Amino acid sequence: MLNPVHLRTLTTVIRTGSFADAARQLGYTGSAVSQQIAALERAVKMPLFERDAHSVRPTPAGEFIAERARDALAALGSLEDDIRGISQGSIGRLRLGSFPTASENLLPLTLASCARDHPQVKILLDEGEPDELIPLLQVAELDLALVYRYNLVPQSWPRGALKATHLLDEELLLLLPKDHRLAGADAISLADLRAETWISTREGTSGASCLRRICAGAGFVPQVGYRSNDYDVVTNFVKSRLGIALIPALGHVPDDDVVAAHLEEIQVRRQVIVMHGSTKANPAVIGVVRALQASVQVLAQRMPGITAAVTG
């Protein structure tokens, strides 16, 4: 196999016209240049220069190899630039997992920022719930994942290989039909909602568990009439007077027929976290995490009930 260092030396000697000038340009000694050309001649089994006491002239074989080598060296240089870009996280591919409300509200800002600052990083998106995304992260089918947890519902994350970065906290908003008896109340207590029909997420989800625990703290079990993991569906059910709901702030889209109220007595929050493996495997992860943190700061100014996590 031809040594690209020797090929670069060959093209430099031919361009400068002498071993000495090539040595000065490349930062080698004259002896090192002579040794490299001799090694290349042994590799191709042909003389590449005609030498006399005062000059060197390339042979036809030397001219031909140098001409072809220029394209090969340019391609190698481009590859080296790309490898450098990959190692710095400015080139490559990143597989991102997210849950729907983060995809809708947080990712547009983040992906636009990444496209502007790192146009050569291709980001592929996959959606799912935390219990679907974490296993994909563990087997390296995802590079990072946006997940959530309620601070009232115990949640164990995989330790060791995965790193978790807290991005934001969401307030839980009480959704009521606009003509509900409590829609205009200055303060709403959980005790006032004891007899209500609730619209909740699917049984077994952390959102459903959180609702049960909150109501248990007020001394009652919520009467759940309908279940959906789609917060647009939940909102439309509330608007149709089928029940009331407690949803995280990212899931709320303002609607004239729905009142979003606060339950001052509860301090439950949903936390949004980004999890990823080693950044050595994909350095682009660092840039995306930073873009997420910057986007959260913007989102917190735009959406009520969103608080950016304090970064160290």
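Using the structure shown, decide if Arg227 is within 12 Å of Trp198 (Cα to Cα), among the charged types (D, E, K, R) and in the same structural domain as Ser200 (by TED's automatic domain parsing).
Spelling it out, Arg227 is indeed within 12 Å of Trp198 (Cα to Cα), among the charged types (D, E, K, R) and in the same structural domain as Ser200 (by TED's automatic domain parsing).
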Can you name the number of the only condition in (1) outside any strand (DSSP E or B); (2) aliphatic (A, V, I, L, M); (3) loosely packed, with under 14 Cβ neighbours inside 10 Å that Leu142 fails?
-> (3)
Conditions (1) loosely packed, with under 12 Cβ neighbours inside 10 Å; (2) among the polar types (S, T, N, Q); (3) in contact (Cβ under 8 Å) with a residue 40 or more places away in the chain: number failed by Asn3 = (1)
In the stretch 159-180, what residues are of a type outside the set (A, V, I, L, M), farther than 17 Å from Leu263 by Cα and surrounded by 13 or more Cβ atoms within 10 Å (Cβ to Cβ)?
-> Lys163, Thr165, His166
Could you please let me know if Ile91 is in contact with an Asp or Glu (Cβ under 9 Å, 6 or more places away or on another chain) and either small (Gly, Ala, Ser) or modelled with pLDDT under 85 (or both)?
-> yes
Identify the residue in the stretch 118-138 that is farther than 20 Å from Gln155 by Cα and of a type in the set (Val, Ile, Thr) and, among all such residues, is modelled with the lowest pLDDT.
-> Val121
Number of the exception - Thr110 against (1) part of a helix (DSSP H, G or I); (2) without any contact (Cβ under 8 Å) to a residue 40 or more places away in the chain; (3) touching a Ser or Thr at 6+ places or on another chain (Cβ under 9 Å) = (2)
So Leu124, is it surrounded by fewer than 13 Cβ atoms within 10 Å (Cβ to Cβ) and assigned to a strand (DSSP E or B) = yes
Would you call Leu182 farther than 19 Å from Val274 by Cα, in a strand (DSSP E or B) and more than 24 Å from the chain's Cα centre (by Cα)?
-> no
Residue check for Ala183: farther than 26 Å from Ser103 by Cβ, small (Gly, Ala, Ser) and surrounded by fewer than 13 Cβ atoms within 10 Å (Cβ to Cβ) | no
Which residues, counting only those in the stretch 202-216, are loosely packed, with under 11 Cβ neighbours inside 10 Å and aliphatic (A, V, I, L, M)?
-> none
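Residues checked against (1) touching a helix residue (DSSP H, G or I) at 6+ places or on another chain (Cβ under 8 Å); (2) surrounded by 12 or more Cβ atoms within 10 Å (Cβ to Cβ); (3) assigned by TED's automatic domain parsing to the domain that holds Pro119; (4) not basic (Lys, Arg):
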site	(1), (2), (3), (4)
Arg8	yes, yes, no, no
Thr12	yes, yes, no, yes
Thr16	yes, yes, no, yes
Ala23	yes, yes, no, yes
Ala32	yes, yes, no, yes
Glu41	no, yes, no, yes
Ser55	no, no, no, yes
State all residues of the stretch 286-312 that are at pLDDT 90 or above, among the small types (Gly, Ala, Ser) and part of a helix (DSSP H, G or I); if no residue qualifies, say none.
-> Ala291, Ala294, Ser295, Ala300
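The values are calculated or read from the model by the stated rules, or taken from the named source; none is laboratory data. Note that this is a predicted model, so its numbers are computed, not measured. For neighbour counting, all protein chains shown are included, and Cβ atoms are generated from backbone atoms with ideal geometry for every residue, glycine included.
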